[in-house]
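Student: Got a structure here, written out as structure tokens. Questions coming.
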Protein chains: 2
Amino acid sequence: MKARVLEIRKGVLNKNDEIARGLRERLHAAGVLTINLVSSPGTGKTALLQRTLRELREQGSSVAALVGDLATDNDARRLAEAGVPVKQINTDGRCHLEAQMVSDHLSDWDLDRLDYLFIENVGNLVCPSSYDLGEDLRVVLLSVTEGEDKPLKYPNIFNSADVAVLTKMDLAEACEFDIEAARANIAAVRPGMRIVSTSAKSGVGVQEWLSCLAEEKQSRLVGV
Amino acid sequence: MKARVLEIRKGVLNKNDEIARGLRERLHAAGVLTINLVSSPGTGKTALLQRTLRELREQGSSVAALVGDLATDNDARRLAEAGVPVKQINTDGRCHLEAQMVSDHLSDWDLDRLDYLFIENVGNLVCPSSYDLGEDLRVVLLSVTEGEDKPLKYPNIFNSADVAVLTKMDLAEACEFDIEAARANIAAVRPGMRIVSTSAKSGVGVQEWLSCLAEEKQSRLVGV
């Protein structure tokens, strides 16, 4: 029974990978940098994204966001306040987004007019690591309130990500957060990964995060 | 393909439920109250459990703990400091514990000598909701740093739990946590659920939490 489940799951994954590949080609052809944000529930994906969408828009970039949740459209409503196109993907209890869901929700957007597409995944530090959504950049967020050990305990998601963003830095002192320990733990599972420390509340590190996005767009989509 | 996957998953779940049922009978016969702790990564399951194990032991209760993690045995080592039997269940990347894993790890413990068995699930607010581990009490933890909206966004896990424990109350002010909103959101998905507000750091609410456990043991295992 176990073997059959694994085999079929692998089939589902491969199917997902195929759809993700097509999606990535479509997005690249349109010159869109696509960012998949993954983290625990409550790490602050929506808060950072709210600020990111607003700042990019003010800089003249064209941005949009897809937001995955098991239930409610709270996050989509929060993000829509930034005045950019936002769509909710309701996973109906499922613990992760899949490439097909992303593809379905892009169908009526003109990708050629877009610079950045953000995908806020379901809050889950385990399952989303297995699903390619066609993104260029997988960004794992870790809040200072969660503890420095999370990269070691959830290695798959840190290992599969391209950038780590530390969030809620304004609470670092109150939480006695040891940033050097966190950096060392991230480096242990993903040597050399870029780490940006931010607070969506105080604004610390937001410019560095925006520069990181601009550099990635430049290096990954140049000549496309 | 989808239908087959679902069908087989249902099979896995039913098999799990059967094992859980047998486990629950065994634990009840031995007079053990079993508590399954579920939450996001970093909510503070281990910190609360450390304190709970120590206090119960000092009160003369016989306690033990199983700790699920995708990787590392950090939590088991932290809990073992309380001087009680602790075993790590390494899920090898899997996103939840299953009843068979619990059963396997109990095989060499004398359950008749135990009053309380705690099971610390993998940090994940989605998948563990579907897996009965033979527990009497499913306790969902929510830290003040995660935001008041989580019960609405992860309704399955709150709905399937018996008790909600708010953690890190010492950070409530710094996080501008609105406890009334959190209570209302919990009540919206699980009307009447008992809610205990705690801080493992300051000790706030720990006695109320211990009383809650004693009352549950009394009411659920009376006459056993």
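The values are calculated or read from the model by the stated rules, or taken from the named source; none is laboratory data. Remember, it's a predicted structure, so these values are computed and weren't measured experimentally. Note that we place each Cβ from the backbone using ideal geometry, even for glycine, and neighbour counts take in every protein chain shown.
Student: Would you pick out the residues in region A:193-206 that are part of a loop (DSSP other than H, G, I, E, B) and either of a type in the set (Asp, Glu) or in contact with a strand residue (DSSP E or B) (Cβ under 8 Å, 6 or more places away or on another chain) (or both)?
Tutor: A:Met193, A:Thr198, A:Ser199, A:Ala200, A:Val204, A:Gly205
Student: Is it the case, given these coordinates, that A:Glu148 is crowded, with 19+ Cβ neighbours inside 10 Å, more than 23 Å from A:Phe118 (Cβ to Cβ) and more than 7 Å from chain B (Cβ to nearest Cβ)?
Tutor: Answer is yes for this residue.
Student: In region B:184-192, is there at least one residue being part of a loop (DSSP other than H, G, I, E, B) and in contact with an Asp or Glu (Cβ under 8 Å, 6 or more places away or on another chain)?
Tutor: no
Student: Only one of B:Glu173, B:Glu146 is in a loop (DSSP other than H, G, I, E, B), touching a Pro at 6+ places or on another chain (Cβ under 8 Å) and on the phi < 0 side of the Ramachandran plot. Can you tell me which?
Tutor: Criteria check complete, one pass: B:Glu146.
Student: Show the residue pairs meeting these rules: Cβ distance below 8 Å; 6+ apart or different chains; first residue within region A:177-198 and under 11 Å from A:Val163 (Cα atoms) and β-branched (Val, Ile, Thr); second residue at pLDDT 95 or above and part of a loop (DSSP other than H, G, I, E, B).
Tutor: Short answer, once both residue conditions are applied: A:Ile186/A:Met193; A:Val196/A:Gly205.
Student: Being surrounded by fewer than 22 Cβ atoms within 10 Å (Cβ to Cβ) and assigned to a loop (DSSP other than H, G, I, E, B) is the filter here; which residues of region A:151-162 pass it?
Tutor: Listed by number, the residues that qualify are A:Ser160, A:Asp162.
Student: Kindly indicate the residue of region B:163-180 that is surrounded by fewer than 18 Cβ atoms within 10 Å (Cβ to Cβ) and within 18 Å of B:Val196 (Cβ to Cβ) and also farthest from the other protein chains (Cβ to nearest Cβ) among those meeting that condition.
Tutor: Of everything passing the filter in region B:163-180, B:Glu180 is farthest from the other protein chains (Cβ to nearest Cβ).
Student: Going by the structure shown, is A:Asn16 over 17 Å from the mean Cα position of the chain (by Cα), within 11 Å of chain B (Cβ to nearest Cβ) and of a type outside the set (Val, Ile, Thr)?
Tutor: Against the criterion (over 17 Å from the mean Cα position of the chain (by Cα), within 11 Å of chain B (Cβ to nearest Cβ) and of a type outside the set (Val, Ile, Thr)), A:Asn16 does not qualify.
Student: Now a separate question. Please verify whether A:Ser160 is without any contact (Cβ under 8 Å) to a residue 12 or more places away in the chain and more than 10 Å from chain B (Cβ to nearest Cβ), treating the condition exactly as stated.
Tutor: The answer is no for A:Ser160.
Student: Any idea which of (1) part of a helix (DSSP H, G or I); (2) within 30 Å of B:Lys201 (Cα to Cα); (3) aromatic (Phe, Trp, Tyr) is the one A:Trp209 doesn't satisfy?
Tutor: (2)
Student: Turning to a different aspect of this structure: What are the pairs with Cβ atoms under 7 angstrom where one residue, in region A:72-94, is under 27 Å from A:Gln59 (Cα atoms) and more than 13 Å from chain B (Cβ to nearest Cβ) and the other, located anywhere, is surrounded by fewer than 19 Cβ atoms within 10 Å (Cβ to Cβ) and charged (D, E, K, R)? Sequence gap at least six, or different chains.
Tutor: Final answer for the pair search is A:Ala82/A:Arg54; A:Ala82/A:Arg57; A:Gly83/A:Arg57; A:Val84/A:Arg57.
Student: Here's something else I'd like to know. Inside region A:205-223, can you point out the residues that are surrounded by fewer than 16 Cβ atoms within 10 Å (Cβ to Cβ) and closer than 15 Å to A:Arg51 by Cα?
Tutor: A:Gln207, A:Glu208, A:Ser211
Student: If you take the residues of region A:40-71 that are among the hydroxyl-bearing types (Ser, Thr, Tyr) and away from chain B (no Cβ under 13 Å), which of them is farthest from A:Leu27 (Cα to Cα)?
Tutor: Filtering region A:40-71 for residues that are among the hydroxyl-bearing types (Ser, Thr, Tyr) and away from chain B (no Cβ under 13 Å), the one farthest from A:Leu27 (Cα to Cα) comes out as A:Thr52.
Student: Looking at this structure, is A:Gly192 small (Gly, Ala, Ser), surrounded by fewer than 19 Cβ atoms within 10 Å (Cβ to Cβ) and either more than 18 Å from the chain's Cα centre (by Cα) or more than 18 Å from A:Thr46 (Cα to Cα) (or both)?
Tutor: yes
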